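**Q** Next up is a structure, given as structure tokens.
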Amino acid sequence: MYEKDGIIFRKMDFNDINGVVQIESRSFSSPWTAAMFNEELNNPIAYYIVAINGQEVVGYAGMWLIIDEAHITNIAVDPKYRRRNIATEMIRLLIEKAREMNIKAMTLEVRSCNFQAIELYKRFGFKTEGFRKGYYREDGDDALIMWLTL
Ligand SMILES: CC(C)(COP(=O)(O)OP(=O)(O)OC[C@H]1O[C@@H](n2cnc3c(N)ncnc32)[C@H](O)[C@@H]1OP(=O)(O)O)[C@@H](O)C(=O)NCCC(=O)NCCS
């Protein structure tokens, strides 16, 4: 557990899922369901954190740790709490954890039109190394594949 500017950052647990799903549904066109997050919390290769203000979940982020690579699966911040460096802090914590686990590189997919997220990842040194045309089947958006060497 860790606190910065009044926000607590800690591992996600089952009681957080309701709050997480609310942010998820406000953030993505094909949101993950509570059952999917439940499965993730039982997935031994998954590592998820939440940002908490008072009792309220205001952000979350997660990754899969696969041998020496980490794949960021999901990150979102409650629209009311954006631009307060909460995502920045969560990515920093994921990178710190990945380093502790001897992970050599991190990757993620992002919609090519999601300039806010792309900007955020670039700030950490992520570089676009691949492009998947029509990757998001629901609307045909393209994905950028970004990598960071740790
Ligand atoms: C992307 C997202 C997680 C960023 O969360 P956040 O907590 O607001 O991000 P931060 O405050 O840490 O922002 C860090 C930097 O990212 C960039 N950034 C974030 N939001 C931005 C925006 N709306 N416009 C331009 N740049 C933006 C800026 O460089 C920002 O630094 P600055 O505030 O000093 O200019 C948030 O917008 C979100 O939940 N979006 C919907 C879900 C999503 O797209 N997730 C990513 C999927 S791959």
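Just so you know, all these numbers are worked out from the coordinates, no wet-lab data involved. Predicted model, so just to flag it, every value in this text is computed and none were measured. Glycine also receives a Cβ, built like all others from the backbone with ideal geometry; neighbour counts cover every protein chain displayed.
**Q** Give me the net charge of Thr149's neighbourhood, meaning all other residues with Cβ under 13 Å from the Cβ of Thr149; Lys, Arg count +1, Asp, Glu -1.
**A** On the way: positive: Arg99, Lys104, Lys127; negative: Asp68, Glu69, Glu129.
Net local charge, Thr149 excluded: 0.
**Q** For a quick check: sort Asp16, Asp141, Asp5 by the number of other beta carbons within 10 angstrom, fewest at the front. Write out the running numbers ahead of the final one.
**A** On the way: Asp16 19, Asp141 16, Asp5 9.
Sorted ascending by nearby Cβ count, the order is Asp5, Asp141, Asp16.
**Q** Need one number: % antiparallel among DSSP beta bridges in the chain, to the nearest 5.
**A** Details: 36 of 39 bridges.
Of the beta bridges lying entirely in the chain, close to 90 percent run antiparallel.
**Q** Apply the a/c threshold of 1.5 to the C-alpha gyration tensor of the chain and tell me whether it is rounded, prolate or oblate. Before the final figure, lay out the partial values.
**A** Details: a/c = 1.38, a/b = 1.19, b/c = 1.17.
Verdict is rounded for the chain.
**Q** What is the local net charge at Ile49, summed over the other residues whose Cβ is closer than 11 Å to its Cβ (Lys, Arg +1; Asp, Glu -1)? Don't skip to the answer; put the middle values down first.
**A** Values: positive: Arg10, Lys11, Arg92, Lys97; negative: Asp13, Asp16, Glu89, Glu96.
That sum, taken over residues with Cβ under 11 Å, equals 0.
**Q** Relative to the Cα centre, what is the charge dipole magnitude of the chain, using +1 at the beta carbon of each Lys and Arg, -1 at the beta carbon of each Asp and Glu, and rounding to the nearest 20 debye? Please report the intermediate quantities before stating the final value.
**A** Working: 19 positive and 21 negative charges, 97 e Å.
About 460 debye.
**Q** What is the distance in Å between the Cα centres of segment 77-97 and segment 1-44?
**A** 13 Å
**Q** Choose one answer from Lys11, Lys133, Lys80: the residue with the largest mean-square fluctuation in a GNM of the chain with alpha-carbon springs under 10 Å.
**A** Highest fluctuation among the options: Lys80.
**Q** Exposure proxy check: Val50, Val21 ranked by fewest other beta carbons within 10 Å?
**A** On the way: Val50 24, Val21 20.
Neighbour counts put them in this order, fewest first: Val21, Val50.
**Q** What does the net charge come to around Met101 if you take all other residues with beta carbon closer than 13 Å to its beta carbon, with K and R at +1 and D and E at -1? Could the numbers behind the result be given before it?
**A** Numbers: positive: Lys97, Arg99, Lys104; negative: Asp68, Glu69, Glu96, Glu100.
Taking every Cβ under 13 Å from that of Met101, the sum is -1.
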